[in-house]
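Visitor: Sending over a structure as structure tokens; questions will come in a sec.
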Amino acid sequence: MLLQVRQLTKSFDDKTILRGVDLDLAEGQLKVIMGPSGCGKSTLLRCLNRLIEPSSGQVIFRGKDVLQPGTDVRALRQQIGFVFQQFALYRHLSALHNVTLALRKLRGMSVREAHAKAMHELGRMNMAEHADQYPAQLSGGQKQRVAIARALAMDPAVLFFDEPTSALDPLMSREVVSVIKQLQLDNVTMLCVTHDPFLAKSIADRVMFLDEGVVRAEGTVAEIFGAHADPRIRDFFAHEHSAA
Amino acid sequence: MTGWLSFFQDVFEYWPQILGGLGNTLLLFAIVTVTGLIGGILVFYQALSPNRHVRRITEGYISFFIGTPLIVLLFLMYYGLPQTGIHLSPLAVAVIGFTMNVAAYNARYLMSAYNGIDASELEAARAQGFSTLQVFRLVTLPQTLRLAMPGLTNQVILNLKDSSIVFLIQYTEFFAQMQELAARNFQYFKVYLLTGLVYLLLVSLVVLAARWLERRVLPAACRT
Ligand SMILES: Nc1ncnc2c1ncn2[C@@H]1O[C@H](COP(=O)(O)OP(=O)(O)OP(=O)(O)O)[C@@H](O)[C@H]1O
Ligand SMILES: [Mg+2]
């Protein structure tokens, strides 16, 4: 198991957001996390690479509890590619340099090596011909593909996505979905938060439903999307479908 | 037009001193432009500290130096400090005084530019595994420097013009030498007209250099 989360909790001041979340992610698996707005999905992802400090619990990544004191947090983060809803490309850098920055400054690659690696990853995302463009010159779907290339370039053990398609129109969203499907064929391990039923159905091996800070249900796409026994889950999907 | 010929003869005779003064003006200008920018960046970095006390002290520093006339600071150091046994040369006082003052202004410009940058990019950089200092150096600073460019270049122009006050602490820069010339030939109008024109010329050069730099540093995509 690549990642095992046990009884993870997170409170902000007196507000408890996560109340004991358990999660397993195997190598090569793609798990989707769904759930109502504000239920703590983004918080959960950020707790796993300690962008947010969890309050308690265990996050066992490659056999080690990374919440233990003495953990090299920066080394941990370098093994986890993070893709954001708003792309978060460095706007002062071209697509190419967005990808090379960490290779040069964190991996210590030469300009030439980093360039070659970045062009390879941009090529995988069908973005090679846009390498010299700045984020402001790219469409949303193109930006997200550059962001994925940036994450992949570090050869991460796992990719986290936080609603990768929700800032995109349906057409651009499809571009990103097909890219994620491609990664799935390449056996990339992924954890993907989304509201987008199309994305979830297209890609998920397993779906986890988070609600009020706990895992309310987990199962295959068919189990979660079908007529689920839990009325809250049925309501959620009825609502999402009408919204989408 | 009478008098201009003899005036230029005076200028010519006094030329070595004028040139020396101009050299001192440019020396001070060059030093404080660099130290003021570096100082401004350091103060700005402190202003982003996660430590509340550090932030408050930094705010205090900026408010103090923006709120205090520079000339008072220069007099305090040049005429006041010797009473405590500390003697500094006019150049040292000028460099220290200007650097502290200019750093405060530059930090202010950088801090307001910081409001224009996207927090999600900083989070992305942290998520990639960059250290706090790397995030600052690789993402925050390049972006804030670009956004603050108009304020920062304006400050460079002020550095040049404001350097003329340091004659008051016996630093013999250009303006001091021109006053000396006027005291000799009593041609106040012509001397100060020429003085003004020379400053105008220098400022124009700085403006041209700044425009060039802005064009170089701000790629088309970032000019929003
Ligand atoms: N730094 C913070 N301080 C205090 N409260 C926070 C903080 N970050 C998030 N929260 C709160 O935690 C709750 C969960 O937020 P989170 O962003 O994880 O939800 P989410 O499931 O990702 O929602 P969405 O689907 O809208 O993205 C929200 O109520 C939010 O207001
Ligand atoms: Mg969220």
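Visitor: Filter region A:196-229 for residues that are open to solvent by 40 Å² or more (accessible area, probe 1.4 Å) and within 21 Å of A:THR43 (Cβ to Cβ) and give the result.
Guide: A:ARG206, A:GLU212, A:VAL214, A:VAL215, A:ARG216, A:GLU218
Visitor: If a residue has to be at the interface with another protein chain (Cβ under 8 Å from one of its Cβ atoms) and under 14 Å from A:VAL59 (Cβ atoms) to count, how many in region A:77-87 make the cut?
Guide: Adding up the residues that qualify gives 2.
Visitor: Still on this model: Considering only residues that are near ligand 1 (Cβ under 8 Å from one of its atoms) and in contact with a strand residue (DSSP E or B) (Cβ under 7 Å, 6 or more places away or on another chain), which ones fall in region A:11-44?
Guide: Our first condition is that a residue be near ligand 1 (Cβ under 8 Å from one of its atoms); within region A:11-44, this holds for A:12-13, A:15, A:17, A:35-44.
Answer for region A:11-44, where residues must be near ligand 1 (Cβ under 8 Å from one of its atoms) and in contact with a strand residue (DSSP E or B) (Cβ under 7 Å, 6 or more places away or on another chain): A:ILE17, A:GLY35, A:PRO36, A:CYS39, A:GLY40, A:LYS41, A:SER42, A:THR43, A:LEU44.
Visitor: If the requirement is being β-branched (Val, Ile, Thr) and closer than 30 Å to A:CYS47 by Cβ, which of these qualifies: B:THR172, B:THR153, B:THR144?
Guide: Values: B:THR172 fails: closer than 30 Å to A:CYS47 by Cβ; B:THR153 fails: closer than 30 Å to A:CYS47 by Cβ.
Sole residue among the options that is β-branched (Val, Ile, Thr) and closer than 30 Å to A:CYS47 by Cβ: B:THR144.
Visitor: So B:LEU88 ticks every box in (1) exposed (fewer than 15 other Cβ atoms within 10 Å of the Cβ); (2) away from chain A (no Cβ under 14 Å) but one. Which box is left unticked?
Guide: Tallying (1) exposed (fewer than 15 other Cβ atoms within 10 Å of the Cβ); (2) away from chain A (no Cβ under 14 Å), B:LEU88 fails exactly one: (1).
Visitor: What are the pairs, 6+ residues apart or on separate chains, where a residue within region A:79-99 that is outside any loop (DSSP other than H, G, I, E, B) has its Cβ under 6 Å from a residue that is open to solvent by 20 Å² or more (accessible area, probe 1.4 Å)?
Guide: Taking only residues 6 or more apart or on different chains, the pairs are A:ILE80/A:PRO156; A:GLY81/A:PRO156; A:ALA95/A:HIS130; A:ALA95/A:GLN133.
Visitor: One residue is enough: does region A:49-64 have a residue meeting the conditions part of a strand (DSSP E or B), out of contact with any Lys or Arg (no Cβ under 9 Å at 6 or more places or on another chain) and open to solvent by 30 Å² or more (accessible area, probe 1.4 Å)? Let's see the steps before the verdict.
Guide: Keep residues of region A:49-64 that are part of a strand (DSSP E or B), which gives A:56-61, A:64.
Among the residues that remain, those that are also out of contact with any Lys or Arg (no Cβ under 9 Å at 6 or more places or on another chain) are: A:61, A:64.
Still in the list and also open to solvent by 30 Å² or more (accessible area, probe 1.4 Å): A:64.
Taking every residue of region A:49-64 in turn, at least one turns out to be part of a strand (DSSP E or B), out of contact with any Lys or Arg (no Cβ under 9 Å at 6 or more places or on another chain) and open to solvent by 30 Å² or more (accessible area, probe 1.4 Å).
Visitor: Also, I was wondering about something else. For A:GLN79, indicate whether it is polar (S, T, N, Q) and either within 16 Å of ligand 2 (Cβ to nearest atom) or in contact with a Pro (Cβ under 6 Å, 6 or more places away or on another chain) (or both). Spell out the reasoning first.
Guide: Details: polar (S, T, N, Q): yes; either within 16 Å of ligand 2 (Cβ to nearest atom) or in contact with a Pro (Cβ under 6 Å, 6 or more places away or on another chain) (or both): yes.
Yes; evaluated as a whole, the condition is true for this residue.
Visitor: Just one of the numbered conditions (1) over 17 Å from B:VAL11 (Cα atoms); (2) not basic (Lys, Arg); (3) not in a loop (DSSP other than H, G, I, E, B) is not true of B:TYR171; which one?
Guide: (3)
Visitor: Right, something else. Which of (1) open to solvent by less than 30 Å² (accessible area, probe 1.4 Å); (2) under 22 Å from the mean Cα position of the chain (by Cα); (3) within 30 Å of A:ASP72 (Cβ to Cβ) is the odd one out, the single condition B:ASN159 does not satisfy?
Guide: Here B:ASN159 meets the rest and fails (3).
Visitor: Which of (1) farther than 18 Å from B:SER163 by Cα; (2) modelled with pLDDT of 95 or more is the odd one out, the single condition B:TYR105 does not satisfy?
Guide: Of the numbered conditions (1) farther than 18 Å from B:SER163 by Cα; (2) modelled with pLDDT of 95 or more, the odd one out for B:TYR105 is (1).
Visitor: A follow-up question, please. Does region B:159-180 include one or more residues that are touching a residue at least 24 places away in the same chain (Cβ under 8 Å) and over 24 Å from B:THR99 (Cα atoms)? Walk me through how you get there before you give the answer.
Guide: Of the residues in region B:159-180, the ones touching a residue at least 24 places away in the same chain (Cβ under 8 Å) are B:159-166, B:168-178, B:180.
Imposing the further condition that a residue be over 24 Å from B:THR99 (Cα atoms) reduces the set to B:178, B:180.
Yes, region B:159-180 has at least one match.
Visitor: If you don't mind, there's one more thing I want to ask. Is it true that A:GLN68 is polar (S, T, N, Q) and within 14 Å of chain B (Cβ to nearest Cβ)?
Guide: Numbers: polar (S, T, N, Q): yes; within 14 Å of chain B (Cβ to nearest Cβ): no.
Taking the combined requirement at face value, the residue does not satisfy it.
Visitor: Among the residues in region A:110-123, are any facing another protein chain (nearest Cβ under 8 Å), in contact with a helix residue (DSSP H, G or I) (Cβ under 7 Å, 6 or more places away or on another chain) and under 18 Å from A:MET172 (Cα atoms)? Write out each step before concluding.
Guide: Kept after step one, since they are facing another protein chain (nearest Cβ under 8 Å), are these residues of region A:110-123: none.
No: region A:110-123 contains no residue that is facing another protein chain (nearest Cβ under 8 Å), in contact with a helix residue (DSSP H, G or I) (Cβ under 7 Å, 6 or more places away or on another chain) and under 18 Å from A:MET172 (Cα atoms).
Visitor: Okay, next question. Output the number of residues of region A:166-177 satisfying the condition of being within 15 Å of A:THR194 (Cα to Cα) and either aliphatic (A, V, I, L, M) or open to solvent by 40 Å² or more (accessible area, probe 1.4 Å) (or both).
Guide: Of the residues in region A:166-177, the ones within 15 Å of A:THR194 (Cα to Cα) are A:166-170, A:173-174, A:176-177.
Checking which are either aliphatic (A, V, I, L, M) or open to solvent by 40 Å² or more (accessible area, probe 1.4 Å) (or both) leaves us with A:166-170, A:174, A:176-177.
Within region A:166-177, residues that are within 15 Å of A:THR194 (Cα to Cα) and either aliphatic (A, V, I, L, M) or open to solvent by 40 Å² or more (accessible area, probe 1.4 Å) (or both) number 8.
Visitor: With the structure loaded, tell me whether A:GLY108 is within 20 Å of the chain's Cα centre (by Cα) and surrounded by fewer than 22 Cβ atoms within 10 Å (Cβ to Cβ) or whether it fails that test.
Guide: no
Visitor: Additional query: Having 2 or more residues that are crowded, with 17+ Cβ neighbours inside 10 Å and of a type in the set (A, V, I, L, M) is the bar; report the helices (runs of 4 or more DSSP H) wholly within region B:108-147 that clear it.
Guide: Answer list for region B:108-147: B:119-128, B:141-147.
Visitor: Looking only at region B:91-126, count how many residues are more than 14 Å from chain A (Cβ to nearest Cβ), hydroxyl-bearing (Ser, Thr, Tyr) and free of Cβ contacts under 8 Å to residues at least 40 places away in the same chain.
Guide: Residues in region B:91-126 being more than 14 Å from chain A (Cβ to nearest Cβ), hydroxyl-bearing (Ser, Thr, Tyr) and free of Cβ contacts under 8 Å to residues at least 40 places away in the same chain: 1 in total.
Visitor: Which one of the conditions (1) closer than 18 Å to A:VAL193 by Cβ; (2) out of contact with any Pro (no Cβ under 9 Å at 6 or more places or on another chain) does A:GLY70 fail to meet, given that it meets all the rest?
Guide: So the condition that A:GLY70 fails would be (1).
Visitor: Can I ask one more? Of the conditions (1) away from ligand 2 (no atom under 16 Å from the Cβ); (2) part of a helix (DSSP H, G or I), A:SER42 clears all except one; give me its number.
Guide: (1)
The values are calculated or read from the model by the stated rules, or taken from the named source; none is laboratory data. Keep in mind it's a predicted model, so treat the numbers as computed, not measured. Cβ coordinates were reconstructed from backbone atoms using ideal geometry, including for glycine residues, and neighbour counts include every protein chain displayed. To get the accessible areas, we keep the full protein, side chains included, count just its heavy atoms, and leave off ligands, DNA and RNA. Shrake-Rupley method; radii C 1.70, N 1.55, O 1.52, S 1.80 Å.
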